[in-house]
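Worksheet: the structure to be examined is printed underneath.
The values are calculated or read from the model by the stated rules, or taken from the named source; none is laboratory data. Quantities reported herein were computed from a predicted structural model and do not represent experimental measurements. Cβ coordinates were reconstructed from backbone atoms using ideal geometry, including for glycine residues, and neighbour counts include every protein chain displayed.
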Amino acid sequence: MTHTLGRPDFELIAGWIEPGHRVLDLGCGDGTLLKHLIETRGVSGVGVEIDDTNILAAIKNGINVIQGNLERGLDEFADQAFDHVVLSRTLQTVRHTEGILREMLRVGREAVVSFPNFAYWKNLRAVLDGRMPVSEDLPYQWYDSPNVRFFTLRDFEDLCEKMGLIIKERHVLDEQGNIVENEVNFLGSLAVYRLTQNR
Amino acid sequence: MPGQSIGVVEAQRAHFEQPLALRSGGILPAYDLVYETYGTLNTAKSNAILVCHALSGHHHVAGYYADQPDNTGWWDNIIGPGRPLDTDKFFIVGLNNLGGCHGSTGPSTVNPATGKPWGADFPMVAVIDWVHAQARLADLLGIDSWAAVMGGSLGGMQALRWSITYPERVRNAIVIAAAPKLSAQNIAFNDVARQAILTDPDFHGGNYYEHNTRPVRGLRLARMLGHITYLSDDQMGEKFGRELRNSAFSFGFDVEFEVESYLRYQGDKFAGYFDANTYLLMTKALDYFDPSREDNGDLVATMARSKANFLIASFTTDWRFTPARSKEIVAALLANGRNVSYAEINLNFGHDSFLMDDAHYHGVVDAYLRNIKL
């Protein structure tokens with residue numbers, strides 16, 4: 001499987017987004033996903049990013065990007081301003097987990113969340129071997145990791161239930177970006193969820 | 001930032017005979033605007049950028065004069081071949097606004113009706129009046145629509161006003177270190193500055209020209225106060241700390257601390273060339289600025305009239321117009337689905353950061369301008 005965007009979760013996310021949709025990408029990096037969605041799906045998009053280098057890169061990419069800190073909420077965005085709010089591989093870096101999920105579904109109809117699964121068997125083996133896991137989807141050493149929350153698919157789904165969030169769709173990927181169908185909490189390295197809530 | 005200065009430039013003057021109806025209800029029967037241009041207007045006339053000045057700025061934005069090689073434009077570091085406002089690509093226009101004291105019609109120029117300086121008779125001018133006057137200058141130069149209108153502080157407010165009042169004539173607005181309207185604290189600072197001038201015995205109700213004097217003390221105080229608000233606490237701490245000019249306290253009221261020396265110098269320098277009436281007018285224009293007033297304070301409704309793409313930038317240490325104030329503009333644009341990018345730039349120079357030559361800051365402006373369509 002080749003990944004034209006370099007990140008397999010991007011292709012799943014792109015597949016959920018219809019032409020003309022309004023998309024907010026939280027932690028948009030250099031704007032690669034938004035640029036792809038604009039070019040291939042004709043969406044209108046905005047990114048939020050905290051890092052100066054990424055802000056500059058996103059502006060170079062011609063993306064609408066707003067510099068801001070997700071921990072402080074999404075005050076500058078109106079209720080239900082977007083069809084999709086994307087948080088790709090970023091939830092594990094945010095302290096205010098419930099806060100950001102609520103904000104995503106305040107400003108958007110649907111939330112798309114991807115995150116590394118801490119219960120992936122290779123991660124578990126690393127811990128059994130006495131080491132914090134370092135993998136394709138958890139690429140940091142413990143001392144330089146931006147990640148502050150470590151959780152599994154089951155943990156996340158429990159939180160969704162507690163918060164009353166509805167899981168519309170879920171895809172689980174292995175380290176190579178291939179779809180995992182069975183024993184997902186054990187065999188999956190990265191999970192991508194499509195969430196909504198009753199209004 | 002790489003790139004070079006534009007080099008030698010010349011100021012030009014345009015005379016306008018068509019009366020200008022002002023926001024305050026007054027009318028300017030005729031007026032002059034002085035301006036400078038850099039680069040070449042392309043045949044489609046689609047590459048023009050208007051740079052609007054802030055409180056104490058003017059038309060000499062970039063380059064230097066042949067007979068005054070040290071007189072460098074106030075935003076020279078961002079304009080020139082290879083610089084963000086690249087004169088190889090863009091045609092850049094800067095002017096001195098109405099009410100100014102650098103050659104355009106203002107309180108210190110002669111009122112043709114009386115043969116004397118306008119003084120107190122010069123009508124109150126608002127940001128929207130400047131924008132209307134700038135639109136006439138654009139007409140004169142054959143510019144139907146600006147590739148961008150840009151400014152910092154009060155200049156950014158003009159860019160914002162352009163996008164609202166002439167939506168068809170602004171394709172991009174670059175609004176730096178600005179606010180959608182002043183806060184009570186902003187207005188309070190401005191009023192203390194005005195009081196310093198108005199209570200100076202040499203003010204003579206604004207007609208000091210005919211008394212062959214100037215309210216230098218008031219203007220100096222006004223500038224000293226203003227200057228404090230343009231800098232950050234950290235920057236003043238780093239630059240001056242509690243350094244004394246001499247090693248021991250002198251227990252008197254002469255200059256002792258370095259920061260006093262600096263402020264007095266800045267005040268003296270400014271009071272030496274700037275016109276007090278212009279200072280009063282510019283601060284009032286700031287106070288009155290509030291485009292959302294037309295929509296009962298609903299900035300979202302106001303920005304619905306704009307059609308431009310926006311780059312909004314603020315500075316982390318700017319406490320005069322904080323990042324939160326810029327974000328009010330951003331939120332109103334987002335609510336209307338406008339194309340907008342927002343950069344919150346980490347620079348240590350307070351409100352004055354917008355004039356600094358910083359690689360990231362200029363990189364953001366450069367990247368934005370490179371992507372605009374001509």
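Things worth noting here:
- Taking the numbered list (1) among the acidic types (Asp, Glu); (2) away from chain A (no Cβ under 13 Å); (3) outside any helix (DSSP H, G or I) in turn, residue B:344 passes all entries but (2).
- When B:138, B:148, B:133 are checked against the criterion of being in contact with a Phe, Trp or Tyr (Cβ under 9 Å, 6 or more places away or on another chain) and within 14 Å of residue B:312 (Cα to Cα), B:148 stands alone in meeting it.
- Residue in the range A:56-76 that is buried (at least 22 other Cβ atoms within 10 Å of the Cβ) and away from chain B (no Cβ under 12 Å) present: yes
Here's the yes/no breakdown for (1) touching a strand residue (DSSP E or B) at 6+ places or on another chain (Cβ under 7 Å); (2) acidic (Asp, Glu); (3) within 21 Å of residue B:282 (Cα to Cα):
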site	(1), (2), (3)
B:140	yes, no, no
B:177	yes, no, yes
B:187	no, no, yes
B:193	no, no, yes
B:202	no, yes, yes
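- Only residues that are farther than 30 Å from residue B:367 by Cα, surrounded by fewer than 21 Cβ atoms within 10 Å (Cβ to Cβ) and of a type outside the set (S, T, N, Q) were counted across the range B:168-213, and they come to 16.
- Contact map, the range B:359-370: first residue facing chain A (nearest Cβ under 9 Å), second residue part of a helix (DSSP H, G or I) and among the charged types (D, E, K, R), Cβ cut-off under 6 Å, separation 6 or more or different chains; pairs are B:360/A:52; B:367/A:60.
- Some residue of the range B:329-340 being within 17 Å of residue A:69 (Cα to Cα), touching a residue at least 60 places away in the same chain (Cβ under 8 Å) and at the interface with chain A (Cβ under 9 Å from one of its Cβ atoms): no
- Within the range B:94-111, the set of residues being touching a His at 6+ places or on another chain (Cβ under 9 Å) and among the hydrophobic types (A, V, I, L, M, F, W, C) comprises B:95, B:101.
- Selection count, the range A:99-121, where residues are assigned to a loop (DSSP other than H, G, I, E, B) and either closer than 20 Å to residue A:7 by Cα or hydroxyl-bearing (Ser, Thr, Tyr) (or both): 3
- In the condition set (1) buried (at least 22 other Cβ atoms within 10 Å of the Cβ); (2) within 14 Å of chain A (Cβ to nearest Cβ); (3) closer than 30 Å to residue B:81 by Cα, residue B:350 is compliant with all but (2).
- Residues of the range B:230-265 that are buried (at least 18 other Cβ atoms within 10 Å of the Cβ) and touching a residue at least 40 places away in the same chain (Cβ under 8 Å): B:230, B:231, B:232.
- Residue that is farthest from residue A:168 (Cα to Cα) [pool: residues in the range A:86-145 that are of a type in the set (Gly, Ala, Ser) and buried (at least 17 other Cβ atoms within 10 Å of the Cβ)]: A:119
- Entry remark, the range B:77-103: residues being closer than 27 Å to residue B:45 by Cα and buried (at least 23 other Cβ atoms within 10 Å of the Cβ) number 15 in total.
- Matching residues in the range A:115-172 - criterion: being small (Gly, Ala, Ser), at pLDDT 95 or above and farther than 22 Å from residue A:97 by Cα: A:126, A:130
- Meeting the requirement of 1 or more residues that are acidic (Asp, Glu), the helices (runs of 4 or more DSSP H) wholly within the range B:88-204 are B:127-141, B:184-198.
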